[in-house]
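A.B. asks: Please read through the structure below; I'll follow up with questions.
Values quoted throughout were computed directly from the atomic coordinates according to the rules given, and no laboratory measurement underlies them. Note that the structure is a prediction, hence the values are computed from the model and not measured. Cβ coordinates were reconstructed from backbone atoms using ideal geometry, including for glycine residues, and neighbour counts include every protein chain displayed.
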Amino acid sequence: MEILANVMLGFEVALQPANLFFCFMGVLIGTLVGVLPGLGPVAAMSLLLPTTFHLAPVSAVIMLSGIYYGAMYGGSTTSILVNIPGEAASVVTCLDGYQMARKGRAGAALGIAAFGSFIAGTLSILGLMLLAPLLAEVALKFGPPEYFCLMLLGLVIVTFLAGSSMPKALLMAAFGLFLGLIGMDIMTATPRFTFDMYFLMDGVGLVPVVMGLFGVSEVLLNVESKIKREVFETKIKGLLPNRRDWGDSIWPIIRGSVVGFFLGILPGGGAVISSFVSYGMEKKLSRHPEKFGTGVIEGVAGPESANNAAAGGAFIPLMTLGIPANAVMAMLLGALTIYGMQPGPMLIKQHPDLFWGVVTSMYIGNIMLLVLNLPLIGIWVKILKIPYEVLFPLILLFCLIGVFSLNNNVGEIGLMLFFGGVGYFMKKFNYEAAPLVLAMVLGPMMENALRQSLIMANGSAAIFFTRPISLAVALLVLILLVLPMLPWVKKKREVIAEIVE
Amino acid sequence: MKNNDQRSSLFWLVIGLSIVLYSSKYGLGTFSSPGPGFLPFMSGAAMVLLALIVFFQQFSRGRVDTLKSLWAHTRWPTVLMVMASLVFYAVLLRTLGFLLDTFVLTAFLLRVMEPLSWKKVLAGASGATLGSYAIFELWLEAQLPAGVLGF
């Protein structure tokens, strides 16, 4: 019954008025950025990171997490009403969601997306509660060699799951690793690659890089193409799905939750991939697969549940191993470190109030999202109608001030703009930013683990292959690197890449 | 040069090579005690290797395209103007101060995509400036630079 006591502790923390407020702010902002095109959860979290410095760590993490899963909710709204996914994870929702809206069933689509997300969110929180403490227990046995291999595995999985070519994604990971190593070397106090720029001494700031890559570059791409957004003019009525809708959706929701949760644990675009997998699965299992794409409710219920469940699963590697699974989790890792907490197997033991408080706040946040998204849908539709030429100066302004207020340093604005340019060209030439950010965060941790391992082994790299866990992980890394070269895997990957595009 | 993957791989090749060369300057150390340049060297070397893989892979691919095709049907001058205005904003932030600098920037950005009427631009720019000032300076106490206006 230990878990019950823990959950009680969690609710005690999450139900404090201040934390309720920050949870609400988080899901509100999350829904907002989910609805707005060109501003995703990663950029929003980095934007708000500086404002959380004077909050209690628990409140800050509750708010930042809220942004993440809130954005998953909001993203579906734009997919259904405008056929533009607010988030990558809602791309598939467009297929049937928009068609439902055109048939005058926008209400039911929005409703099932919200309820599905709620159910999936709840299920994945249960999974998180059960699995995370167990995994943390196991992770306590890991030493530096295991950690090094696990981080390497994380990076390789991210690039393996990347939509575009694996060598290109790995290239980005290698560059990110390098960026993470810029700054003072901890062991010898040598400044590396700082070029006498003082603000690089502490390393390249995560916030300016992320804002540049995910915020500024996105705006640049949007201003060059004239996007016309037409909100589907329809009276949204009947948000409550009827009995038949429920009958059609309940199993897709449950299946989507399970698939999403486990794919979410894997590093990489868990939410995105799980939504695709869920859609494919429902189509395969359906008695009328030919109707998919014409507005069937299963095509909305499954993927929307899957991406929300994945958002929950993604917390597991961070909370148990201290290894972030995606760019959003990398932001959270950065935040936790700033508050002086070391994510990893000890986190749950040392800061039970943080872990259980955040987990239960997600439960409360899910209820808030239901209220925010269903009765208040009209407000979000209004926001959708704000033309982009009015919106983008505000987005840029917030990026500029957000980065500046971090350390009152103009140099960091420069850094953000630089990475804004880099990100713009990366998108043009089809390079992914996620492996870069992840590798950048992991860089210093990997360097430490590598050095400690080599010192432990007196300089013999054999240490990675003589300890059973690290050997198994290292083998997995090799397999994943070789796998894409096999013809049939290559073909499969190309098909997936096509679907993603 | 066949396509843009090949072109971009050359860029990363150069970056990777420079990292490799620079990091040896910081000391690679030995395997038993890796120096500050060790992992940067490895990451640079990995970049070189991967860039070469991308480069040679493209010879067996069918895709042929030009640099120009990436900017076809786009309003790239707008991108340049937006980027330039942001750089100016950063450079002038300390001298002009937050209020003035921000007002000028938002007014410019509001005009750059669609020429909104001046009335709307002025209203929007003052609203955005004062609003962000209220949030960041007054509420979050971010200490934005005062500049020539003195507050």
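A.B. asks: Mind ranking B:135-142, A:48-55, A:22-29, A:2-9 by how tightly packed they are, going by the mean number of other C-beta atoms within 10 angstrom, highest first? Write out the running numbers ahead of the final one.
C.D. replies: Details: B:135-142: 14.8, A:48-55: 17.1, A:22-29: 24.1, A:2-9: 12.2.
The packing order, highest mean first, is A:22-29, A:48-55, B:135-142, A:2-9.
A.B. asks: Moving on. Tell me the label-point distance for the pair A:V138, B:S60, using the 7 Å Cα-to-Cβ offset, in nm and rounded to one decimal.
C.D. replies: Distance between label points: 3.7 nm.
A.B. asks: Using the basic label-point model (7 angstrom from Cα toward the beta carbon), what is the B:R7 to A:N448 distance in nanometres?
C.D. replies: If labels sit at B:R7 and A:N448, their model points lie 4.2 nm apart.
A.B. asks: What full-extension length gain, to one decimal in nm, is calculated for A:H54 and A:I367 as 0.36 nm per residue of separation minus the Cα-Cα distance? Can you show the working numbers first?
C.D. replies: Values: separation 313, 0.36 × 313 = 112.68 nm, distance 2.69 nm.
Answer, rounded to one decimal: 110.0 nm.
A.B. asks: Rounded, prolate or oblate: which fits chain B, taking a ≥ b ≥ c as square roots of the Cα gyration tensor eigenvalues, rounded meaning a/c under 1.5, else prolate when a/b beats b/c? Mind showing how you got there, number by number?
C.D. replies: Values: a/c = 4.15, a/b = 1.59, b/c = 2.61.
Because a/c hits 1.5 or more and a/b fails to exceed b/c, chain B counts as oblate.
A.B. asks: Under 20 Å from a point 7 Å along the Cα-to-Cβ line of A:I469: which residues of the stretch A:356-371 have their amide N that close?
C.D. replies: No residue qualifies, since no backbone N sits under 20 Å from the label point.
A.B. asks: R0 = 41 Å: FRET efficiency of A:L376 with B:L52, Cβ-based, nearest 0.05?
C.D. replies: Numbers: r = 54 Å, r/R0 = 1.31.
The formula returns an efficiency of 0.15 here.
A.B. asks: Here is a further query. Let me know the longest stretch in chain A that avoids all trypsin sites (Lys or Arg not before Pro) found in a DSSP loop with at most 15 other C-beta atoms within 10 Å.
C.D. replies: Working: sites that count: A:K103, A:K141, A:K226, A:K228, A:R229, A:K235, A:K237, A:R287, A:K385.
With a cap of 15 other Cβ atoms within 10 Å, the longest stretch comes to A:386-501.
A.B. asks: Could you give the angle, 0 to 90 degrees to the nearest 10, between helix A:243-265's Cα long axis and the longest principal axis of the Cα atoms of chain A?
C.D. replies: Rounded to the nearest ten degrees, it is 10.
A.B. asks: Sum up the charges of everything whose Cβ sits under 13 Å from the Cβ of A:E137, counting Lys and Arg as +1 and Asp and Glu as -1, but leave A:E137 out.
C.D. replies: Cβ neighbours under 13 Å give a net charge of +1.
A.B. asks: Right, something else. Could you list which residues have their amide H under 5 Å from that of B:G29, counting only those 5 or more apart in sequence or on another chain, with H placed in the peptide plane?
C.D. replies: B:G35
A.B. asks: Right, another one. With an 8 Å cut-off on Cα pairs and a minimum separation of 6 or more residues, tell me the relative contact order of chain A in percent.
C.D. replies: Numbers: 902 pairs, mean separation 137.6, N = 501.
Result for chain A is 27 percent.
A.B. asks: Give the peptides A:401-412, A:335-346, A:429-440 in descending order of average Cβ contacts within 10 Å, highest first. Intermediate values should be presented prior to the final figure.
C.D. replies: Values: A:401-412: 20.4, A:335-346: 18.1, A:429-440: 25.2.
Packing order, densest peptide first, comes out as A:429-440, A:401-412, A:335-346.
A.B. asks: Tell me whether the stretch B:4-70 comes out rounded, prolate or oblate; compute the Cα gyration tensor, take square roots of the eigenvalues as a ≥ b ≥ c, and use a/c under 1.5 as the rounded threshold.
C.D. replies: Details: a/c = 5.47, a/b = 2.76, b/c = 1.98.
Verdict is prolate for the stretch B:4-70.
A.B. asks: Please work out how much length the chain gains when fully extended from A:A18 to A:L130, using 0.36 nm per residue of separation minus the C-alpha to C-alpha distance, in nm with one decimal.
C.D. replies: Working: separation 112, 0.36 × 112 = 40.32 nm, distance 2.69 nm.
Computed gain between A:A18 and A:L130 is 37.6 nm.
A.B. asks: Summing Lys, Arg as +1 and Asp, Glu as -1, what charge do residues with Cβ under 15 Å from the Cβ of B:G29 carry, B:G29 excluded?
C.D. replies: Within the 15 Å Cβ shell, the charges total +1.
A.B. asks: Right, here's the next one. Quickly estimate the mean residue ellipticity at 222 nm for chain A, helices only: each DSSP H run with n ≥ 4 gives -39500 (n - 2.57), and the total goes over all residues, rounded to 500. Provide the component values of the computation, followed by the final result.
C.D. replies: On the way: 24 runs with 362 residues, N = 501.
Calculated mean residue ellipticity at 222 nm is -23500 deg cm²/dmol.
A.B. asks: Quickly work out the A:S460-to-B:A134 label distance, labels modelled 7 Å from Cα along the C-beta direction, and quote it in nm with one decimal.
C.D. replies: 6.9
A.B. asks: Also, quick follow-up: Kindly rank A:210-218, B:79-87 from highest to lowest mean number of other beta carbons found within 10 Å of each residue. Walk me through the intermediate numbers first.
C.D. replies: Numbers: A:210-218: 27.6, B:79-87: 17.4.
Going by the mean number of other Cβ atoms within 10 Å, highest first, we get A:210-218, B:79-87.
A.B. asks: Sticking with this structure for a sec: In peptide A:175-181, what is the residue-averaged number of other protein chain Cβ atoms found within 10 Å of each Cβ?
C.D. replies: Details: counts 9, 1, 7, 12, 2, 3, 10.
Rounded to a whole number, the mean comes out at 6.
A.B. asks: Related question: Round to the nearest 0.05 the FRET efficiency obtained for B:L67 and A:Y339 when R0 = 30 Å and r is the Cβ-Cβ distance. Before the final figure, lay out the partial values.
C.D. replies: Numbers: r = 45 Å, r/R0 = 1.51.
Taking R0 as 30 Å, the efficiency between B:L67 and A:Y339 is 0.10.
A.B. asks: Can you give the mean number of other chain Cβ atoms that lie within 10 Å of the Cβ atoms in peptide A:396-404?
C.D. replies: Working: counts 7, 10, 4, 1, 9, 11, 2, 1, 9.
So the per-residue partner count for this stretch is 6.
A.B. asks: Relative to a virtual label point 7 Å from the Cα of A:D202 in the Cα→beta-carbon direction, which members of the stretch A:328-351 show backbone nitrogen distances below 15 Å?
C.D. replies: Under 15 Å, as judged by backbone N against the label point of A:D202, lie A:334-341 of the stretch A:328-351.
A.B. asks: Next question. Under 5 Å between amide H atoms, partner at least 5 residues away or on a different chain: which partners does A:R192 have, H built in plane at 1.01 Å?
C.D. replies: A:G183, A:M184, A:D185
A.B. asks: Using a 10 Å cut-off on Cβ to Cβ distances, tally the other chain neighbours for every residue of A:386-393 and report the average as a whole number.
C.D. replies: On the way: counts 0, 3, 2, 8, 8, 0, 5, 16.
If you average over the peptide's residues, the count of other-chain Cβ atoms is 5.
A.B. asks: Something else about it: Classify the stretch B:76-144: rounded, prolate or oblate, from the alpha-carbon gyration tensor (a ≥ b ≥ c, eigenvalue square roots; a/c under 1.5 rounded; otherwise prolate if a/b is larger than b/c)? Walk me through the numbers before you get to the answer.
C.D. replies: Details: a/c = 2.50, a/b = 1.38, b/c = 1.81.
Oblate, since a/c reaches 1.5 and b/c is not below a/b.
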